[in-house]
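Readers should treat all values here as calculations from the given coordinates under stated rules, not as data from a laboratory. Predicted model, so just to flag it, every value in this text is computed and none were measured. Cβ placement follows ideal geometry from the backbone for every residue including glycine, while neighbour counts extend to all protein chains displayed.
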Amino acid sequence: MTEPPVPPAGPAPEELTTVAPRLRELRRHSGLTLETAARRVGLSPAHLSRLETGQRQPSLPMLLALARTYGTTVSDLLGETAPERDPIIRAGRAEPYGAGGWTYRTAGGAGRAMQALRVHVPERAQGDLVRVHPGEEWLYVLTGRLRLVLGDAVHVLEPGDAAHFDSLTPHRLAAASPGGTELLFVHTLLQSGAAELCLGGRLPDHRGG
């Protein structure tokens, strides 16, 4: 298990400036030490500390892993506020956010058991990222072609194709067409010590976990 590559130095995007203190607040509220939280997300304590102090920018998959670990949503990590239990999400409220090369818009409400996102995955962005965590994921390809690796199987999804799978199956997403891929993405929010984010293309050993 390796840490994600260190992004180039420079000022953090404005939309990510509120993430650092929120990460620290959520970890302390969860009663987790820096070491325990880092282990659950698959990072070193030093890297998580840099995220909490704003010295590093989390990628979208890392934000998803952190949100799952703390039992919240990416929207909450970013400090977004939405009317509680508002069933309607208007297009004008779905501000785009960029992280790790991905661009996404929230497509669901706060305080729910699932999180819905509209995601743009650019070509060659984070194609070697392998994820394993409790829960379920559903995705629907809007434009472009998506390369989805589930365990040892490789699938290429066209516009209109969908996938629904157990997130404990090691999985990898990558754009398979010039211009990237646009998709709808829904995942369950589960706070669990088994949640992990593994990078570098090597699949983790989960026997007994």
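Amide H of ARG145: which non-local residues (sequence gap of 5 or more, or other chain) have their own amide H closer than 5 Å, using H built in the peptide plane?
ALA176, SER177
Long-range amide H contacts for SER167: which residues qualify at under 5 Å (H placed 1.01 Å from N, peptide plane, sequence gap of 5 or more or a different chain)?
Amide H neighbours of SER167, under 5 Å, 5+ apart: GLY135, GLU136, GLU137.
How big is the equivalent ellipsoid of the stretch 15-77 along its three axes, where each semi-axis is √(5λ) from the Cα gyration tensor, reported in whole Å from largest to smallest?
15, 13, 11
Name the chymotrypsin sites (Phe, Trp or Tyr not before Pro) in the stretch 122-173 that are in a loop by DSSP and that have at most 12 other C-beta atoms within 10 Å, would you?
Here no loop site has a sparse enough neighbourhood.
If you plug each phi of the stretch 44-55 into the Karplus form 6.51 cos²θ - 1.76 cosθ + 1.60 with θ = phi - 60°, what whole-Hz ³J(HN,Hα) values come out, in order, with x for Gly and Pro?
7, x, 5, 5, 4, 4, 5, 5, 6, 9, x, 7
Sorting check: for 150-162, 22-34, which peptide has the highest mean count of neighbouring beta carbons within 10 Å, and how do the rest follow?
22-34, 150-162
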